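Worksheet: the structure to be examined is printed underneath.
Nothing in this text is a laboratory measurement; each read-out follows from the coordinates by a stated rule. No experiment lies behind these values; they were computed from the predicted model shown. FYI the Cβ positions are ideal-geometry reconstructions off the backbone, even for glycines, and counts take in every protein chain you see.
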Amino acid sequence: MSAASTPTVEAGEVGLERDIFLRRLLRELAGTLQDVVGLEEASGYISVVGAAMGEHIDGEYRRALAVDRLSREQVSTVLVDLKRRIQGDFFVVEETEDRIVLGNRACPFGELVLGRPSLCMMTSNVFGSIAAQNLGYAGVALSQTIAQGHPECRVVVHLRPSENAEPGVREYFRRDDAG
């Protein structure tokens with residue numbers, strides 16, 4: 001191949017841009033945590049980040065809507081909208097006074113979420129933080145996740161504590177010093 005026909009670095013077909021780089025970075029960080037400290041501990045670390053993200057996103061929506069607190073209907077709409085904005089495909093399956101059930105056909109992490117269930121703590125904590133901060137309480141259950149190989153996610157956001165809660169529900173409570 002002559003120098004004239006050799007592609008330049010800039011023109012080379014390299015599957016790299018900011019979005020894929022950041023998703024792959026998070027995948028590798030989650031995988032490393034899962035391998036080093038185990039799934040439960042890795043999920044705990046990612047939960048801390050998810051809670052901070054939830055607080056930030058909640059503040060953004062409350063400012064945009066010019067409200068001190070979101071209503072249940074607004075919380076439901078916000079949960080779907082925030083995932084839409086980051087290329088998820090969440091939708092409301094059921095909404096009652098006691099719970100919001102969401103489905104999801106596309107993970108914002110794309111195929112990079114496979115085998116990284118600790119990344120699902122982002123969804124749990126973002127949803128839990130927003131719902132609890134506005135409604136006082138949230139119990140989030142990740143019933144099915146794409147990360148675990150299911151074709152879709154199923155997320156249940158309980159809005160009231162229950163003694164009959166399904167296994168794996170993570171509880172979130174309103175922080176007095178926020179919102």
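Counting other beta carbons within 10 Å of each Cβ, put ARG24, ARG175 in order, fewest first. Working shown, then result.
Working: ARG24 15, ARG175 12.
Lowest count first: ARG175, ARG24.
In what sequence, highest mean first, do 54-66, 146-158 appear when ranked by Cβ atoms within 10 angstrom?
My ranking of the peptides, most packed first, is 146-158, 54-66.
Find out how many positive minus negative residues lie around ARG84, taking Lys and Arg as positive, Asp and Glu as negative, among other residues whose Cβ is under 15 Å from that of ARG84.
Surrounding charge for ARG84 is 0.
What list of ³J(HN,Hα) couplings, whole Hz, do you get for the range 8-17 from phi and the Karplus terms 6.51, -1.76, 1.60, once you set θ to phi - 60° and write x for glycine and proline?
7, 4, 5, 8, x, 7, 10, x, 9, 8
Taking only DSSP H segments of four or more residues, each worth -39500 (n - 2.57), what value at 222 nm results for the chain once the sum is divided by all its residues, to the nearest 500 deg cm²/dmol? Numbers along the way, then the final one.
Numbers: 4 runs with 77 residues, N = 179.
Value at 222 nm, helices only: -14500 deg cm²/dmol.
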